[in-house]
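What follows is a set of notes on a single structure, which appears directly below.
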Amino acid sequence: MTTKETLTPEETPLLEIRDLEVSFQSNSGPVPAVRGVSLTVYPGQTVAIVGESGSGKSTTAHSIINLLPGTGKVTAGEIIFDGKDISKVSEKDFVHIRGSQIGLVPQDPMSNLNPVWKVGFQIEEALAANGIAKGKAAKVRAAELLEEAGLAEAESRLGQYPHEFSGGMRQRALIAIGLSARPKLLIADEPTSALDVTVQRQILDHLDGLTTELGTAVLLITHDLGLAAERAEHLIVMSKGRIVESGPALEILKRPQHPYTQKLVAAAPSLASKRLSSSVARAEIREQAEEVAEAVKAEESAGESFGKATDDVLVVDHLTKVFKLRKGFRKTTDFTAVNDVSFKVRRGTTTAIVGESGSGKSTVAQMVLGLLEPTAGNVVFDGQDVAKLGAKETFAFRRRVQPIFQNPYGTLDPMYSIYRTIEEPLRTHKVGTKAEREARVRELLDKVGLPQSVMRRFPNELSGGQRQRVAIARALALQPEVVICDEAVSALDVLVQDQILTLLNDLQAEFGLTYLFITHDLAVVRQIADNVLVMSRGSIVESAPIDDVFGNPQQDYTRKLLDAIPGGSITLGS
Amino acid sequence: MLWYIGRRVLQMIPVFLGATLLIYAMVFLLPGDPIAALAGDKALSPAVAQQLRERYHLDLPFYQQYLLYLKGIFTLDFGTSFSGRPVSEVLAQAFPITMKLAFMALIVETVFGVGFGLIAGLRKGGFFDSTVLLFSLVLIAIPIFVIGFLAQFFIGVKWGIVPPTVGGNTSFTNLLLPALVLGSVSFAYVLRLTRTSVAENLTADYVRTATAKGLSRGRVVRVHVLRNSLIPVVTFLGADLATLMGGAIVTEGIFNINGVGGTIYQAVTRGEAPTVVSFVTILIVIYLIANLLVDLLYAALDPRIRYV
Amino acid sequence: MSETVKTGRVVRQSHFVAPPEVAAPGETDAVKLDQAPTSMWTDAWRDLRKRPLFIISTIIILAVIVIAAFPSLFTSTDPRFCDLTYSMQGPTSGHWFGFDRQGCDVYSRTIYGARASVLVGVGVTASVLVIGVIFGALSGFYGGWTDSILSRVADIFFGIPLILAAIVLMQLFTDRTIWTVVGVLALFGWPQMARIARGAVISAKNNDYVMASEALGVSKLKTLIRHVIPNSLAPIIVVATISLGTYIVAEATLSFLGIGLPSTEVSWGGDISNAQVTLRQGSTILFYPATALAITVLGFIMMGDALRDALDPKSRKR
């Protein structure tokens, strides 16, 4: 610590939090969310707080500007901003701090803009409230701010409503609002989590440039370690309301000292270290899976089988899906969601379909599952065209191809106990007696790493990761050959994500499963895929084995996706 | 936007035809002699019965009857009531009175309902909120006719603040009490709806962002919370018109107001079915049109649906 | 690729490491098995049990149902026994509320009046639930043409306000019974329930577990019955409870106008209507049926409110 007389303005902390405690009121008493957090942000510095959900990172950030939701309250500690303790300031006085001294860029761009007012109006009112500009001058300034945030045709955009903007555009508008009064500190709460990965990079680059130019300090909240390391000088790792480790970003990544941080670094998919270890493990899994799959195939061709047991269990041929959208009176426009997609999946392997939102990847998944009829082309499963199956054959087909969906909170019927959920496939296909079914459910729960007593419980008592395990158990109940994972791990925290991916790999090796893995996250793919299909706007852009895609990408779009991986450029040797 | 209006109008047409057809069918297609039904408990001389039969075109095939009935609606020709006056004349006299009454009730319920609801929503769980909530529950539970003549008795007769019946004098002061009674139940619903809406919107993300921008609390509530909370209230007011119409019948009956409702009331108690049918048909038409207007107002308030 | 990391002209902060007990890496994502299993309904029940609104309304509703089912437990006087000689006499022993204009015992009529109200309320609600839920569920789940046609039909009935339609219809029937009233009210009350059911089904159907069910091979109809409808019940139950109250008011209003239940039936609405004139003479007999009616309706509406708060997905723990 330097002595007071020798501190330059640059060395005086802009924000200093000391021993902050925040708790919420619940039915059973106060619940602490933040415990004894201390941090410092210097002028012009970018500090990132990294943590999983429930770690208290957002709560800490919101408590700075007294915007805690619901019953949250700061119960102890000091928040010293620009020399003054603002934790005790009244709500009325806080109005002068917010916006002009401390700005906020919130997380979800759709819900954070008022849908009934024009975007321009919402920027102008920020300007007026902070005494920057009023009336016509405000309009001019608002257009300038939008342009500064990277939005083209800013003037005409002012007159539009939020729902007319794309996600990235809305986030830029929010950035414009956050920086409109040139605050000294900008709190960016997961500013790009809800956006596509290529847009993320653009926006973050832009934000970086702006804040450097303006000398704004940034407190960046994120769950992505790679992103934090890339954008911040100082990194703070939080878990369960406490600071676990903090220090210069690169140092923490290269030499994490706390066991929790070490786990986090090891599991972060975007970091190069993870990629290296994953590809080695993956090769082993693949070998094993292919062996088991061969055995399964041999069994099938020997006994009564559904189709001809082939090597390529799934063949998609010139698959196309066109939706008719209604625009205006009696006019329909065609929207091509999937455009002439063809690929083959070998037994026992994993093919990943990677694409941003709107690329058509989920539509492909639904057609492979037989839940959506293709407009053209066909899906051939085990030698048989899925669309041409009769009712009984479709029923048999369903046993062999099963899905796992993205949202763990919507994937299980809240009215069904875990037992009923996993038993349903067995019951529907009339497998075994009641006792046999129960035994199978127990077996499945073991396989996915859940205690058997969970059977009697209901989904609302389980966490996201646990629900996905139940979903996996349900998918495996009928011993399928192909499992379609539609963004199955995208909604999970990093550590849980890692666990589930490991589980999926283990199950694949044990049962010779074939996976079709749909995701928007190219970084995750390394751990689980053998082949990669990159899709954009309905068409396949690149199709190659995993090592080729990462090592030698052929197409520009693939390169863009790889570039956009946050923290992807950070190489960590050991 | 034009497409949205056009679509709403188009949707209204089959509903209008269907509703009028339904009413007509209910009245005229029921088993038994419709004329006897129309006459109610009164005995009719064969001559009058024949006259009625002709007037209602009962010797014609059904679809022609219905078309003539529709034509009657559009030309505002509803025949004559039992007392001899043309129904349209009675209507022309009664309508403005009811409009005045309904308008006053609407103002009362909207201004006070939204106002109190806003305060209750802002201070959810507080003393004002609980009191107001209980009060609204009581208002909804007590039927309007009970409120009606309780008010009439206490305020009109016992304490003599305003004249207990209106009769011919339809000034604003005279109509004030009936308007309050008419709007009472709706006021309770508007209050609860506003309260829920406001409480919900207070926790919305965009409200937090607005506060983070540095806007004063007052502005956040006025510009962001209130505006968004009004949208469901507006939708409700359209459906509420039905309640007002039904309530008007009772209220006008109790306070002896010669509006549309009062006429229906008297016609019902006297058993004059044709008048009832005609007047109710008019009210239904007004209801459909009002709902159309409410839909348009909704589009004006919420830009998201203009392009749906 | 080089390391694109910000280093700076800014102050470099020191490396801090918390002691290992902090965020001790126990099992990631362990299942908490300490409490007894709870489903959504168990949660809701636990929540309801503590609410005063629920407790009070349950008491009221149970009381009303008991009175309606076993009126003889509460009074031995025949409500239809009216002797004009007793007309307008005040309360005496055994006749605590006095006599009305016809000389009927007001207390007895107040007790027996519960039956008509409860029968109408329950009858209409039950009919409306059956018709409305079937209509709404089919409409919401299958969408497309089914939805368009069914919605139009519902709109047509919806376009005629309940009371107005009831007035038109009821005055055409000369012999009316309770079931006439039930039938007429149900005929125009179902569209409201259909709308609620349709909305609830549409939002339930968007969940992944519906797609998972179909991907298992469960037919669409069975998915609707097994998965979608049970998850749509919450708003339906709330609306049904509150509507029950409003149907009782509707019947009372019709009886008040003289076109509801026939005068041979004991009805609160009819009694209130008859007692109107007496109010001006300073009598209080109007208050008894009026209060009974208000309390009954209040009970159902409060129950609906309590249910809505308990079943609100936002306040349930995730």
Examine region B:218-230 for a residue that is at pLDDT 90 or above, farther than 28 Å from B:Met12 by Cβ and surrounded by 24 or more Cβ atoms within 10 Å (Cβ to Cβ), and state whether such a residue exists.
yes
Across region B:271-292, the tally of residues that are more than 10 Å from chain C (Cβ to nearest Cβ) and farther than 14 Å from B:Val87 by Cα stands at 4
Residues that are in a helix (DSSP H, G or I) and within 10 Å of chain C (Cβ to nearest Cβ), drawn from region A:427-451:
A:Arg427, A:Thr428
Counting only residues that are within 14 Å of another protein chain (Cβ to nearest Cβ), give me the strands (runs of 3 or more DSSP E) lying completely in region A:452-549 with at least 3 of them.
A:482-486
Take the residues of region A:77-113 that are outside any strand (DSSP E or B) and under 24 Å from the mean Cα position of the chain (by Cα): which is surrounded by the fewest Cβ atoms within 10 Å (Cβ to Cβ)?
A:Met110
Within region A:182-213, count every residue that is buried (at least 21 other Cβ atoms within 10 Å of the Cβ), of a type outside the set (S, T, N, Q) and assigned to a loop (DSSP other than H, G, I, E, B).
3
What do you reckon, is B:Leu58 touching a Pro at 6+ places or on another chain (Cβ under 8 Å), modelled with pLDDT under 70 and either within 14 Å of chain C (Cβ to nearest Cβ) or on the phi < 0 side of the Ramachandran plot (or both)?
yes
Is there any pair linking a residue in region B:207-236 that is at the interface with chain A (Cβ under 7 Å from one of its Cβ atoms) to one that is part of a helix (DSSP H, G or I) and of a type in the set (Gly, Ala, Ser), with Cβ under 6 Å and at least six apart or on different chains, and which?
B:Lys213/A:Ala126; B:Gly214/A:Ala129; B:Leu215/A:Ala129; B:His224/B:Ala210
Looking at A:Val313, A:Val341, which one is crowded, with 22+ Cβ neighbours inside 10 Å and under 27 Å from the mean Cα position of the chain (by Cα)?
A:Val341
State all residues of region A:232-274 that are assigned to a loop (DSSP other than H, G, I, E, B), at the interface with another protein chain (Cβ under 8 Å from one of its Cβ atoms) and in contact with a helix residue (DSSP H, G or I) (Cβ under 8 Å, 6 or more places away or on another chain); if no residue qualifies, say none.
A:Ala232, A:Glu233
Residues that are more than 10 Å from every other protein chain (Cβ to nearest Cβ), within 21 Å of the chain's Cα centre (by Cα), surrounded by 15 or more Cβ atoms within 10 Å (Cβ to Cβ) and of a type in the set (A, V, I, L, M, F, W, C), drawn from region B:146-175:
B:Ala151, B:Val166, B:Leu175
Among (1) modelled with pLDDT under 90; (2) within 14 Å of chain C (Cβ to nearest Cβ); (3) within 29 Å of the chain's Cα centre (by Cα), there is one condition A:Arg35 misses while meeting the rest; what is its number?
(1)
Note on A:Val534: of the conditions (1) at pLDDT below 90; (2) more than 13 Å from the chain's Cα centre (by Cα), unmet is (1)
Pick from B:Val277, B:Val233, B:Val225: which is more than 25 Å from B:Leu193 (Cα to Cα) and in contact with a helix residue (DSSP H, G or I) (Cβ under 6 Å, 6 or more places away or on another chain)?
B:Val277
Does A:Ala387 count as in a helix (DSSP H, G or I) and more than 9 Å from chain C (Cβ to nearest Cβ)?
yes
Subset of region A:98-122, residues without any contact (Cβ under 8 Å) to a residue 60 or more places away in the chain, of a type in the set (Val, Ile, Thr) and more than 8 Å from chain B (Cβ to nearest Cβ), comes to A:Val119
If the requirement is being without any contact (Cβ under 8 Å) to a residue 12 or more places away in the chain, assigned to a helix (DSSP H, G or I) and under 32 Å from the mean Cα position of the chain (by Cα), which of these qualifies: A:Glu147, A:Glu125?
A:Glu147
From the list C:Thr264, C:Thr278, C:Thr241, exactly one residue is at pLDDT 90 or above and more than 9 Å from every other protein chain (Cβ to nearest Cβ). Which is it?
C:Thr241
Within region B:226-280, how many residues are touching a strand residue (DSSP E or B) at 6+ places or on another chain (Cβ under 9 Å) and on the phi > 0 side of the Ramachandran plot?
1
Note on A:Arg170: of the conditions (1) within 14 Å of chain B (Cβ to nearest Cβ); (2) closer than 13 Å to A:Pro109 by Cα; (3) free of Cβ contacts under 8 Å to residues at least 60 places away in the same chain, unmet is (3)
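Each row is one residue, and each column tells you yes or no for (1) under 21 Å from C:Gly282 (Cβ atoms); (2) among the aromatic types (Phe, Trp, Tyr).
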position	(1), (2)
B:Gly156	yes, no
B:Phe172	no, yes
B:Ala179	no, no
B:Ser186	no, no
Could you tell me how many of the residues in region A:214-231 are surrounded by fewer than 21 Cβ atoms within 10 Å (Cβ to Cβ) and either touching a Ser or Thr at 6+ places or on another chain (Cβ under 6 Å) or not in a helix (DSSP H, G or I) (or both)?
2
Considering residues that are in contact with a Gly (Cβ under 8 Å, 6 or more places away or on another chain) and either more than 12 Å from chain B (Cβ to nearest Cβ) or in contact (Cβ under 8 Å) with a residue 24 or more places away in the chain (or both), the number found within region C:168-188 is 8
Which residue, of A:Ile187, A:Ile132, A:Ile177, is under 26 Å from the mean Cα position of the chain (by Cα) and either farther than 30 Å from A:Leu562 by Cα or away from chain B (no Cβ under 14 Å) (or both)?
A:Ile177
Selection from region C:80-138 of residues that are buried (at least 20 other Cβ atoms within 10 Å of the Cβ), among the polar types (S, T, N, Q) and closer than 28 Å to C:Leu279 by Cα
C:Ser108, C:Thr110, C:Ser117
Filter result for the condition that a residue is β-branched (Val, Ile, Thr) and within 12 Å of another protein chain (Cβ to nearest Cβ), over A:Thr192, A:Thr222, A:Thr198, A:Thr211
A:Thr211
Going through region A:334-380 in order, the residues found to be in contact with a helix residue (DSSP H, G or I) (Cβ under 8 Å, 6 or more places away or on another chain), over 23 Å from A:Arg400 (Cβ atoms) and among the β-branched types (Val, Ile, Thr) are A:Val354
Take the residues in region A:550-574 that are assigned to a loop (DSSP other than H, G, I, E, B) and touching a Gly at 6+ places or on another chain (Cβ under 8 Å), then tell me which one is modelled with the highest pLDDT.
A:Ile565
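The values are calculated or read from the model by the stated rules, or taken from the named source; none is laboratory data. Note that the structure is predicted; figures quoted are calculated from it, not measured. We place every Cβ from the backbone using ideal geometry, glycine too, and count neighbours over all the protein chains shown.
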